[in-house]
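Input: a single structure, listed below in structure tokens.
The values are calculated or read from the model by the stated rules, or taken from the named source; none is laboratory data. Computed from a predicted model, the values in this text were never measured in an experiment. For neighbour counting, all protein chains shown are included, and Cβ atoms are generated from backbone atoms with ideal geometry for every residue, glycine included.
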């Protein structure tokens, strides 16, 4: 989406989208019991560094300073968000730039202890984009057409990528994401 102020604009729209998805899906008869979450505009938010510190204290072990959260960390944070806020959802913001070099501010949305959405505000100035690519050793080859749009003007923008299969698997309590995938792919199956 374009003409946003910051990543919080994207987070606010995402909360509305998630609320609409849950509302629409919960109105359809399903042949299994579903523990439908309550989605609100007040999804708790924690900074990445604070999340690592809390996980380190909660798991009583040193947490590696990776640029992302390990699945065990996400699971712990999901339990913490449920206990602390009564929320099935938790935003984690402030990921290190080395993890997401084309974002000015990024976030993940965890649902019951698993990342289901990544999003943020992206770079929109041509010079900033080139600098970020250079700083991270990324080649601009093959990106000329894409980068041209930034040279001629791009509004402040951002967006999300929703892992619908992850959300569905977690919502239905499935043990494997392939059970929520129409055409699962793995090392032995690439085509539907």
Among the candidates 52, 69, residue that is more than 17 Å from residue 167 (Cα to Cα), touching a residue at least 40 places away in the same chain (Cβ under 8 Å) and surrounded by 16 or more Cβ atoms within 10 Å (Cβ to Cβ): 69
Test: residue 95 is buried (at least 21 other Cβ atoms within 10 Å of the Cβ), in contact (Cβ under 8 Å) with a residue 40 or more places away in the chain and in a loop (DSSP other than H, G, I, E, B): yes
Top-ranked residue of region 155-192 - restricted to ones that are assigned to a loop (DSSP other than H, G, I, E, B) and in contact with a strand residue (DSSP E or B) (Cβ under 8 Å, 6 or more places away or on another chain), ranked as nearest to residue 116 (Cα to Cα): 163
Failed condition for residue 166, given (1) farther than 25 Å from residue 103 by Cβ; (2) under 21 Å from the mean Cα position of the chain (by Cα): (1)
Residue 38 under 28 Å from residue 174 (Cβ atoms), surrounded by 14 or more Cβ atoms within 10 Å (Cβ to Cβ), in contact (Cβ under 8 Å) with a residue 12 or more places away in the chain and more than 16 Å from the chain's Cα centre (by Cα): no
Filter pass, residue 130 being in contact with a helix residue (DSSP H, G or I) (Cβ under 7 Å, 6 or more places away or on another chain), without any contact (Cβ under 8 Å) to a residue 40 or more places away in the chain and either over 21 Å from residue 44 (Cβ atoms) or surrounded by fewer than 17 Cβ atoms within 10 Å (Cβ to Cβ) (or both): no
Residue match in region 142-162 (condition: in contact with a helix residue (DSSP H, G or I) (Cβ under 6 Å, 6 or more places away or on another chain), loosely packed, with under 14 Cβ neighbours inside 10 Å and either modelled with pLDDT of 95 or more or farther than 21 Å from residue 21 by Cβ (or both)): yes
Residue match in region 77-89 (condition: touching a residue at least 24 places away in the same chain (Cβ under 8 Å) and assigned to a strand (DSSP E or B)): yes
Any chance residue 102 is surrounded by 14 or more Cβ atoms within 10 Å (Cβ to Cβ), closer than 30 Å to residue 130 by Cβ and more than 16 Å from the chain's Cα centre (by Cα): no
Residues that are over 13 Å from the mean Cα position of the chain (by Cα) and outside any loop (DSSP other than H, G, I, E, B), drawn from region 105-135: 122, 126, 127, 128, 129, 130, 131, 132, 133, 134, 135
